[in-house]
Amino acid sequence: MERAARMLHEAGAPDSYVNGGGDIRLGGAAAPGLPHGIGITGPVRRGRLLTVVSGRDFAVATSGTGERGAHILDPRSGVPARGLLSVTVVGPSLTWAGTYATAAIAMGERAKDWIASVDGYELLIADHDAMVWSSDGFARWCEPAGGGPRP
């Protein structure tokens, strides 16, 4: 996805949206003067919108049980990680956002402290159909109430 986004940019299309299985790399703006907006849904009822993240030139990746069940293994036990249902990571690189989202699922609750040490990336944990925790900087990616671009 990163390579496809880079190819689009180099070909003269800096405003892009590249989606690979729900992990998204956004380049430039959605339209002149408007940031991209990506809806984050809960892991149980996919139609329920938890929040919308918005901005320019960023990536969004989600890992969890919503699409493929408990498929991420806890490396300590070798069994599926079950502590968190869904983790969304926002940051500059889709490769790293996806890696960090999967690692956070495997880490469970320890991911809350760990993400603070990762510069440029923010984390949202969802349980059933509610946001239950987000890193300190996650709110800066969220649209204000009522939608529209962030100031």
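FYI, it's all coordinate maths here, none of it is from the lab. Not measured: the values here are computed from a predicted model. Note that each Cβ is placed from the backbone with ideal geometry, even for glycine, and that neighbours are counted across all protein chains shown.
Annotations for the structure displayed:
- Surrounding net charge for Gly137, when Lys and Arg each add one and Asp and Glu each subtract one, Cβ distance under 11 Å: -2
- Compared with the dominant Cα axis of the chain, that is its longest principal axis, helix 94-107 is turned about 20°.
- What separates the Cα centres of segment 73-96 and segment 1-52 is a distance of 20 Å.
- Among Asp127, Asp23, Asp113, the largest mean-square fluctuation in a Gaussian network model of the chain (Cα springs under 10 Å) belongs to Asp113.
- When you filter the trypsin sites (Lys or Arg not before Pro) in segment 68-112 for DSSP loop state and at most 16 other Cβ atoms inside 10 Å of their Cβ, you are left with Arg68, Arg76, Arg82.
- Net +/- balance of residues flanking Ala103 in space, Cβ distance below 15 Å, scoring K and R +1, D and E -1: -2
- Here the gap between Tyr17 and Leu73, fully extended at 0.36 nm per residue and compared with their Cα-Cα distance, gives a gain of 17.1 nm.
- Among Ala81, Phe58, Leu123 - extreme Cα towards positive end, dipole of segment 54-132, charges at beta-carbon: Ala81
- A simple spin-label model places pseudo-atoms 7 Å from Cα toward Cβ; at Glu2 and Glu109 they are separated by 3.3 nm.
- 222 nm mean residue ellipticity, helices alone, for the chain (DSSP H n ≥ 4; -39,500 (n - 2.57); rounded to 500): -5000 deg cm²/dmol
- Net charge, Ser117 excluded, C-beta distance under 14 Å - Lys, Arg +1, Asp, Glu -1: -2
- Extension gain (nm, one decimal) between Ala130 and Leu34, 0.36 nm per residue minus Cα-Cα: 31.8 nm
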